[in-house]
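Engineer: Let me begin by handing over the structure; questions about it come next.
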Amino acid sequence: YKGVSQSAGHHIANNQIFRHVVGENDEEKPGQYKINLLGEYNIGGDGFEIDRILNKCGITNIATFSGNSTYDQFASAHVADLNAVMCHRSINYVADMLETKFGIPWIKVNFIGAKSTAKSLRKIAQYFGDKSLIDRVEAVIAEEMPAVTAALEDVRPRTQGRRAMMYVGGSRAHHYQELFKEMGMKTIS
């Protein structure tokens, strides 16, 4: 961590990982649909759940910048077909570097909240344009939604009509605002 927020430290680390590690392992990685997830730091363990859902869809996450990735995952990041950017402020420069040096395009995603997760999975599937992947993503969303609905029914009596005020980074604020909206809350600041 460095600077008034952790972002200066992330910037230093990401630049060094890109300069000295990315591209060091050219071994082919298994999976038909390969992505890197950028801007997911796995602070609350959410990266594990994102990986679970991606795997269930048949999408291989080569590397997560920088939550819980290994040296080999960073070294193999250049074999991905797509970069999915979560935290736009902290890391889209890495997506630009991966696109410039290795030709990997990037899209914005949001895995905070069920609706946003479904939208992001669909966006990734649409990028690859394979009907079997698109159908698999829809099947996974359908399989996951009953548990999400049950959780929402449990929490909404305590959250419906409540107001929220967020103290998060600017690029994450709109992600959480969508989650609070799903819970029936209004973000006032």
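What follows draws every value from the coordinates through simple rules; no lab data is involved. This one's a predicted model, so the numbers in the text were calculated from it and none came from an experiment. Glycine also receives a Cβ, built like all others from the backbone with ideal geometry; neighbour counts cover every protein chain displayed.
Engineer: For the stretch 1-67, take the convex hull of the Cα atoms, compute a quarter of its surface area, and give me that in nm², please.
Structural biologist: Mean orientational projected area (the stretch 1-67, Cα hull): 5.1 nm².
Engineer: Which stretch or stretches of the stretch 92-123 have amide N atoms under 15 Å from the point lying 7 Å from THR187's Cα along the Cα→Cβ direction?
Structural biologist: Inside the label zone: 109-117.
Engineer: Moving to a separate point now. Could you give the C-alpha radius of gyration of the stretch 80-121 expressed as a fraction of 2.2 N^0.38 Å, taking N as the number of residues it contains?
Structural biologist: Expressed relative to 2.2 N^0.38 Å, the Cα Rg reads 1.21.
Engineer: Could you pull out the pairs from LYS34/LYS108; LYS34/LYS123; LYS29/LYS119; LYS29/LYS123 whose alpha carbons sit more than 19 Å apart here?
Structural biologist: Checking Cα-Cα distances, LYS29/LYS119; LYS29/LYS123 exceed 19 Å.
Engineer: Taking GluC sites (Glu not before Pro) that fall in a DSSP loop and have at most 13 other Cβ atoms within 10 Å as cut points, what is the longest piece of the chain between them?
Structural biologist: Maximal segment without exposed cleavage sites: 29-189.
Engineer: While we're on this one: Taking each pair of different alpha-carbon atoms in the stretch 51-189 once, compute 1/r for the pair, average those values, and report the inverse of that mean as the Kirkwood hydrodynamic radius in Å to one decimal.
Structural biologist: 16.6
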